[in-house]
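**Q** Take a look at this one; I'll ask things after.
The values are calculated or read from the model by the stated rules, or taken from the named source; none is laboratory data. Since this is a predicted model, take the numbers as computed values, not measurements.
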Amino acid sequence: MTALAWLAIPLVALLIGLISAARMSRPRRPAEVEESVESFVRFRQALAAQSRSAATRSASPRPHENSPSPRENLPPERPVDRTPARVPEGVGAVTADRTPGGGS
């Protein structure tokens, strides 16, 4: 009987999951007309406020327009040595005696 109870637990979980998935995938009820109109009015007001703030920002001068660029404040760059480095003999080389099993 205990084995039957242990087998019933996943089946009950499966049924709960199927019921919740079916409930969540149902189409939503249509919105009321007043709610829909109010949300559209809020949307248009937000767009209007955004366009007004963008217009005032573009009309005002930016504070960094007259300041020097950040690269002008840096010290001059030092030349970089681009010659390849020499690797000493035996460094990084795989030899037969370092392989697993003795190299034979």
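**Q** Just to check your reading of the model, which residue among Arg82, Arg52, Arg26 is within 34 Å of the chain's Cα centre (by Cα), outside any helix (DSSP H, G or I) and modelled with pLDDT of 75 or more?
**A** Arg26
**Q** Okay, moving on. What's the number of the condition Asn66 fails, among (1) at pLDDT below 75; (2) under 30 Å from the mean Cα position of the chain (by Cα); (3) part of a loop (DSSP other than H, G, I, E, B)?
**A** Asn66 satisfies all of (1) at pLDDT below 75; (2) under 30 Å from the mean Cα position of the chain (by Cα); (3) part of a loop (DSSP other than H, G, I, E, B) except (2).
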